[in-house]
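Worksheet: one structure, shown below.
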Amino acid sequence: MSTIEDVARLAGLSRTTVSRVINNHPYVSDSKKKVVLEAMDELGYVPNSSARSLRNQKTEIIAVFIPRVLNPFFSQFIESLEMASSARNYQLIVCQTQYSKSKELTYLNLLKTKQVDGVILASLENDWSKIEPFTDYGPIVLCNEFEEDASVPMIRLDQTFGGYIATKHLIEQGHTHIGYCCGGHRSNVAKERERGFRQALKEAGLTFDENAAFRNAFNIEDGKRVFHELAALENRPSALFTGADEVAAGVISEAKKNGWSIPSDLAVVGFDNQAITELLDPMITTVQQPVCEMAQKAMDIMIEKINRKSYAAREVYQFPLKLIIRDSTGGKKLANV
């Protein structure tokens with residue numbers, strides 16, 4: 001059986017550095033973490049404390065991975081997860097990946113070293129081939145983000161439908177040139193929303209304008225940037241689909257600051273139905289996601305998998321979406337689409 005000294009020797013680092021990596025010490029460089037984790041993988045080394053935990057007991061701790069704590073969607077998701085975990089006498093720890101592949105893999109070692117009983121992935125930065133080996137060490141549940149190749153439980157939404165109903169609404173309002181805005185290019189959530197966006201355009205005989213496609217937009221500041229990029233276009237769209245209420249809020253606030261009228265000069269649709277949608281003037285048309293219900297289902301499945309010690313089985317649970325029509329697109333009613 002390999003020891004911590006073997007890991008240190010293979011990694012070419014001190015035993016102290018290896019120990020710091022194992023115990024998630026904050027002052028260790030990413031490069032050293034990578035070397036140590038690779039050495040642990042090669043030797044099949046599991047820390048003694050983790051081995052005892054594997055043999056004797058559960059930690060009663062669950063980790064959730066999110067890209068940004070400040071994103072209102074993920075803040076609400078965390079709050080709902082914490083309430084659900086607390087009700088089951090489990091603790092929840094939050095791992096913010098900041099869209100970093102290396103951070104995601106480092107945090108996954110919490111599962112491998114049995115510092116947590118399971119992991120809920122609300123975002124996904126690495127290819128599934130990099131994630132899958134960690135399913136040998138405990139349950140992983142995908143919630144919000146999804147992966148078609150994954151043999152794990154997934155709680156997801158029909159994001160294609162979400163992109164479709166938002167875009168169809170703009171078309172029904174008379175818009176024929178609609179801009180598109182999304183976050184991460186790798187995200188399957190973003191890809192499906194774009195698929196729905198394109199589907200609605202195609203049905204209406206409209207074309208997708210790449211010049212009016214704005215990517216890597218995640219927050220209010222990005223929304224402000226998107227507005228200026230859109231305003232600079234020679235052929236400006238009259239409406240904009242965004243992938244987040246934060247981005248929509250940034251677009252709207254900057255548009256008004258520059259003398260634009262919403263929705264007369266630009267109609268805007270958000271996504272998530274966060275509190276900010278009803279705080280702005282005009283209030284934001286958006287696609288509502290059932291965050292609390294998703295979180296509860298994710299926790300129920302996680303606890304079941306921990307108790308049954310059955311990890312690798314593909315299960316898909318899909319929740320509905322609906323369009324909330326408000327003033328940012330010229331509507332004033334609730335639409336259960």
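Here are the numbers for this structure:
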quantity: Single residue of 275, 312 found to be open to solvent by 40 Å² or more (accessible area, probe 1.4 Å), of a type in the set (Gly, Ala, Ser), closer than 16 Å to residue 121 by Cα and modelled with pLDDT under 95; calculated: 312
quantity: Checking residue 58 against (1) modelled with pLDDT of 90 or more; (2) in a loop (DSSP other than H, G, I, E, B); (3) charged (D, E, K, R), the condition it does not meet; calculated: (1)
quantity: Every pair of residues 6+ apart whose Cβ atoms lie under 8 Å, when the first sits in the stretch 228-245 and is hydrophobic (A, V, I, L, M, F, W, C) and assigned to a loop (DSSP other than H, G, I, E, B) while the second is open to solvent by less than 30 Å² (accessible area, probe 1.4 Å) and modelled with pLDDT of 95 or more; calculated: 233/212; 244/270; 244/271
quantity: Residue satisfying all of: in the stretch 102-140; outside any loop (DSSP other than H, G, I, E, B) and acidic (Asp, Glu); most open to solvent (accessible area, probe 1.4 Å) among these; calculated: 136
quantity: Residue check for residue 43: at pLDDT 90 or above and either touching a Ser or Thr at 6+ places or on another chain (Cβ under 7 Å) or buried (at least 19 other Cβ atoms within 10 Å of the Cβ) (or both); calculated: no
quantity: Selection status of residue 323, assigned to a loop (DSSP other than H, G, I, E, B), over 17 Å from the mean Cα position of the chain (by Cα) and surrounded by 14 or more Cβ atoms within 10 Å (Cβ to Cβ); calculated: no
quantity: Filter result (of a type outside the set (Lys, Arg) and within 11 Å of residue 242 (Cα to Cα)) within the stretch 203-215; calculated: 213, 214
quantity: Of residues in the stretch 85-101 being outside any strand (DSSP E or B) and on the phi < 0 side of the Ramachandran plot, the one most open to solvent (accessible area, probe 1.4 Å); calculated: 101
quantity: Number of the condition not met by residue 265 [criteria: (1) open to solvent by less than 20 Å² (accessible area, probe 1.4 Å); (2) assigned to a loop (DSSP other than H, G, I, E, B); (3) not aliphatic (A, V, I, L, M)]; calculated: (1)
quantity: Subset of the stretch 63-84 [at pLDDT 95 or above and open to solvent by 10 Å² or more (accessible area, probe 1.4 Å)]; calculated: 78, 79, 80, 82, 83
quantity: Boolean, residue 232 is in contact with a strand residue (DSSP E or B) (Cβ under 7 Å, 6 or more places away or on another chain) and not acidic (Asp, Glu); calculated: no
quantity: Residues of the stretch 292-320 that turn out to be part of a helix (DSSP H, G or I), in contact (Cβ under 8 Å) with a residue 40 or more places away in the chain and more than 19 Å from the chain's Cα centre (by Cα), as a count; calculated: 4
quantity: Enumeration of residues in the stretch 235-262 that are open to solvent by 10 Å² or more (accessible area, probe 1.4 Å) and polar (S, T, N, Q); calculated: 235, 238, 253, 258, 261
quantity: Residues of the stretch 145-165 satisfying the condition of being within 18 Å of residue 243 (Cα to Cα), part of a loop (DSSP other than H, G, I, E, B) and out of contact with any Ser or Thr (no Cβ under 7 Å at 6 or more places or on another chain); calculated: 146, 158
quantity: Unmet criterion (only one of (1) under 16 Å from the mean Cα position of the chain (by Cα); (2) open to solvent by 10 Å² or more (accessible area, probe 1.4 Å); (3) of a type outside the set (A, V, I, L, M); (4) more than 20 Å from residue 266 (Cα to Cα)) for residue 162; calculated: (2)
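Results for (1) polar (S, T, N, Q); (2) open to solvent by 10 Å² or more (accessible area, probe 1.4 Å); (3) over 21 Å from residue 100 (Cα atoms); (4) in contact (Cβ under 8 Å) with a residue 24 or more places away in the chain, shown as yes or no for each residue.
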{"site": "176", "(1), (2), (3), (4)": "yes, yes, yes, yes"}
{"site": "180", "(1), (2), (3), (4)": "no, no, yes, yes"}
{"site": "196", "(1), (2), (3), (4)": "no, no, yes, yes"}
{"site": "220", "(1), (2), (3), (4)": "no, yes, no, yes"}
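The values are calculated or read from the model by the stated rules, or taken from the named source; none is laboratory data. On a predicted model such as this, the values are computed, not experimentally measured, just so you know. Here the Cβ is made from the backbone with ideal geometry for all residues, glycine too, and neighbour counts use every protein chain on show. The protein model used for the area step is the full one, side chains on, heavy atoms only, and it has no ligands, DNA or RNA in it. Shrake-Rupley method; radii C 1.70, N 1.55, O 1.52, S 1.80 Å.
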